[in-house]
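Structure record follows, encoded as structure tokens.
The values are calculated or read from the model by the stated rules, or taken from the named source; none is laboratory data. Just so we're clear, the structure is a prediction, and the values are computed from it rather than from any experiment. Please note: Cβ atoms are built from the backbone with ideal geometry, for glycine as well, and neighbour counts cover all protein chains shown. Just the protein is used for accessible areas: all its heavy atoms, side chains included, with ligands, DNA and RNA removed. Shrake-Rupley method; radii C 1.70, N 1.55, O 1.52, S 1.80 Å.
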Amino acid sequence: MTSFTQQIARESLSSSQISIFNPLERSDWDALVSRFPQCSFFHTSAWLKVLNETYGYLPIAIALTDQNTTRALTVFMEVDSWITGKRGVSLPFTDECQTLLFDEGDLPLLLDQVYTLAAKQNWESLETRSASVLEKNALPSLVHYTHKLSLNPNPNSLFSQFSTSNRRAIRKAEASELSIDQESSLKNLKSFYKLLCLTRKRHGMPPQPWMFFRAIQERILSQGLGSLFLATYKSAPIAGALFLQHKQNAIYKFGASNESFQAMRPNNFVMWNAIKSFAQNGCQQLDFGRTSLENKGLRRFKLAWGSSEKTLPYVRRNIKTQSIEIQSDQTHGWHNQIFKILPTPLSRLAGQLLYKHVA
């Protein structure tokens, strides 16, 4: 693709104009996307920079503008892999990424430009995550669950929404010798990453590369755009959760724990402390992120907090044939047994080599 210093495509369409540009070259990007009601943390430059710096993905935004006012906007990243092909994804390693618009009447024009761009870029496919708008008439390629919890500053009111088993687990954790550490420091992030490697091994998956979390520390945690909570037992971290924050919304992005301490219910302890902290600091909603339809245990854990559940459709369209590609959930398979027995250093190396291609 040519330099994004200049807009690579701009044409008059009645009273509207289409602009295609690199959002990381726009100093007003965050202000631009924040105007839209569908905007989430995943639209912000902080998240785009993490993905760009870690994996080298090229971000591309398509905007519909009328009289200098942006009416509709969508953003993709170009994934160019010799393993999985060249494609557009909105967005890699992102739970949900809505198309931004004020009027659904602008969708046909925006969608036409999206597929025109895909053809020009020689993308093999185009993947939208949360296809309810941009691909609202398409059959989903893959479906996940999403869970969201409305927050209020009254801890007793929040606690009463939880399932009986969850309340019992929290009381058990609070009666133990657990402590909570809310410092989002690089030291704590390294401790969390060690727990993450243990957790991913237990699930039979390689961990994301450390440089990904290092970028999260630099671009997100150190800027006050996210939070890290660690449960410690006798000063040793045994569980943790990493959250992203945008306006009055928090997103549960990563969780990890040492299974040896599971009887103390440290995961419930971490989540309860995080919920109280977010609620007391003005957050109105906690998004628990996506959940595989096959992951019954994680789904049960998220529902236990009184969250509302919806399905989250993804659509992957083959650009050449315009057909929908049905995808299988890669969470479970033969590869799990390999990564369960693979030594942690080799598993980390595998994650460093493979995640760029998975997107």
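Brief remarks on what is shown
- Look at the Cα gyration tensor of region 238-288: its axes a ≥ b ≥ c give a/c of at least 1.5 with a/b over b/c, and that counts as prolate.
- Model label sites at residue 281 and residue 150, defined 7 Å from Cα along the beta-carbon direction, differ in position by 2.3 nm.
- Multiplying the residue separation of residue 103 and residue 327 by 0.36 nm and subtracting their alpha-carbon distance yields 77.6 nm.
- Cross-link pairs 49/320; 201/276; 194/234 - those with Cα-Cα distance over 19 Å: 49/320; 201/276
- With eigenvalues of the C-alpha gyration tensor scaled by 5 and rooted, region 202-309, Å: 20, 19, 16
- For a modelled paramagnetic label at residue 25, 7 Å from Cα along Cα-to-Cβ, the residues of region 44-58 in reach, with backbone nitrogen under 15 Å, are 58.
- Beta-bridge orientation, region 243-359: approximately 60 percent antiparallel, per DSSP, counting only bridges with both partners inside.
- Length-normalised contact order of the chain in % [C-alpha pairs under 8 Å, at least 6 apart]: 21
- Förster radius 56 Å - calculated FRET efficiency between residue 38 and residue 194, Cβ distance, rounded to 0.05: 0.95
- Given +1 at the Cβ of Lys and Arg, -1 at the Cβ of Asp and Glu and no other charges, the dipole of region 79-208 around its Cα centre is 920 debye to the nearest 20.
- Between 344, 81, 359, the Cα set farthest toward the positive side of the dipole of the chain (charges on each charged residue's Cβ, about the Cα centre) is that of 344.
- Cα gyration tensor, region 78-149 - rounded (a/c under 1.5), prolate or oblate: oblate
- Comparing 236, 205, 184 along the charge dipole axis of region 144-285, the residue lying farthest to the positive side is 205, per the Cβ-charge model.
- 3J(HN,Hα) couplings calculated from phi for region 286-301 with the Karplus curve 6.51 cos²θ - 1.76 cosθ + 1.60 (θ = phi - 60°) are, in sequence order, 10, 9, 7, x, 7, 9, 4, 4, 8, 8, 5, x, 5, 4, 4, 4 Hz; Gly and Pro show x.
- Cross-link reach is defined here as a Cα-Cα straight distance under 17 Å, omitting same-chain residues fewer than 8 places apart; for residue 148 the aspartates and glutamates meeting it are 95, 96, 287, 309.
- For the chain, the per residue solvent-accessible surface stands at 46 Å², with DNA, RNA and ligands left out and a 1.4 Å probe.
- Spacing of the two label points (7 Å from each Cα toward its C-beta) at residue 203 and residue 163, in nm: 1.8
- Spatial separation of Cα centroids for region 320-350 and region 116-163, in angstrom: 21
- Carbon + sulfur, % of accessible area of region 253-359 - ligands and nucleic acids excluded, 1.4 Å: 53
- Remark: region 153-236 carries a charge dipole of roughly 360 debye about the Cα centre, counting +1 on each Lys and Arg Cβ and -1 on each Asp and Glu Cβ.
- Bins of 20 Å, starting at 0 and running to the largest distance - Cα pair percent for the chain: 28, 58, 14, 0
- Within the accessible area of region 59-107, the carbon and sulfur atoms contribute 44%, probe 1.4 Å, all protein chains present.
- Look at the Cα gyration tensor of region 134-204: its axes a ≥ b ≥ c give a/c of at least 1.5 with a/b at or below b/c, and that counts as oblate.
- Student exercise, the chain dipole from Lys, Arg, Asp, Glu Cβ charges, in Debye to nearest 20: 1420
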